[in-house]
1. Over the chain, what lengths in whole Å, largest first, do the semi-axes of the equivalent ellipsoid take, defined as the square roots of 5 times the eigenvalues of the alpha-carbon gyration tensor?
2. So for each of 43-49, 3-9 I average, over its residues, the number of other beta carbons within 10 Å; can you give me the resulting order with the highest mean first?
3. With +1 on each Lys and Arg Cβ and -1 on each Asp and Glu Cβ, how big is the dipole of the chain about its Cα centre, in debye rounded to the nearest 20?
4. Return the long-range amide H neighbours of Lys57 (sequence gap of 5 or more, or a different chain), with a cut-off of under 5 Å between placed amide H atoms.
5. For segment 6-17, in order, what is each residue's ³J(HN,Hα) by Karplus, 6.51 cos²θ - 1.76 cosθ + 1.60 with θ = phi - 60°, in whole Hz (x at glycine and Pro)?
6. Would you mind telling me the antiparallel percentage of the DSSP bridges in the chain, rounded to 5?
7. Mind checking which aspartates and glutamates have their C-alpha under 19 Å from Lys14, skipping anything on the same chain fewer than 8 residues away?
8. Each residue of segment 96-107 in turn: what ³J(HN,Hα) in whole Hz from Karplus with 6.51, -1.76, 1.60 and θ = phi - 60°, glycine and Pro shown as x?
Amino acid sequence: MKNFVEDGKVLNYKVTGAAVKSGEVVVVGKLVGVAVTDGALGDTIAVAIDGVYKLPKGSGALTQGAQAYVNVAEGTGAVSIVGTATSNTFAGYVWADAAAGDATVEVKLSF
């Protein structure tokens, strides 16, 4: 097919704002992904936008199949996955239950 560009599972992203470590959540506009490699400010890195990833979880329990959102803490820039849509960016769906005390949650990225 002449108009095929790529499978769309990995996004090339120019790092802005702060350096990124492999495995960290990256938000590009309304698109959420996970950094495949480390990147310094100005570097172009690969960001996976498809798949299931274990990500840092915010407060509260999250149940399988629930919508998952990225919350970026003001002032610190700390990123966590929460179940609240207000002021957060949609990331995908909770892949497996996570209790309130769990530090991480498995999320199926979706857009």
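1. Its equivalent ellipsoid spans semi-axes of 24, 18, 12 Å.
2. In decreasing order of mean packing, 43-49, 3-9 become 43-49, 3-9.
3. Roughly 180 debye, rounded to the nearest 20.
4. Ile81, Thr104, Val105
5. Listing the rounded values in order: 6, 6, x, 9, 9, 10, 7, 10, 8, 5, 10, x Hz.
6. Of those bridges, close to 95 percent are antiparallel.
7. Within the straight-line cut-off, Lys14 pairs with Glu6, Glu24, Asp38, Asp43, Asp50.
8. 9, 3, 9, 6, 3, x, 6, 7, 10, 9, 7, 10
All of the numbers you see were taken from the coordinates with simple rules; none came from a lab. All values derive from a computational prediction rather than experimental measurement. Backbone-built Cβ (ideal geometry, glycine too); neighbour counts: all protein chains shown.
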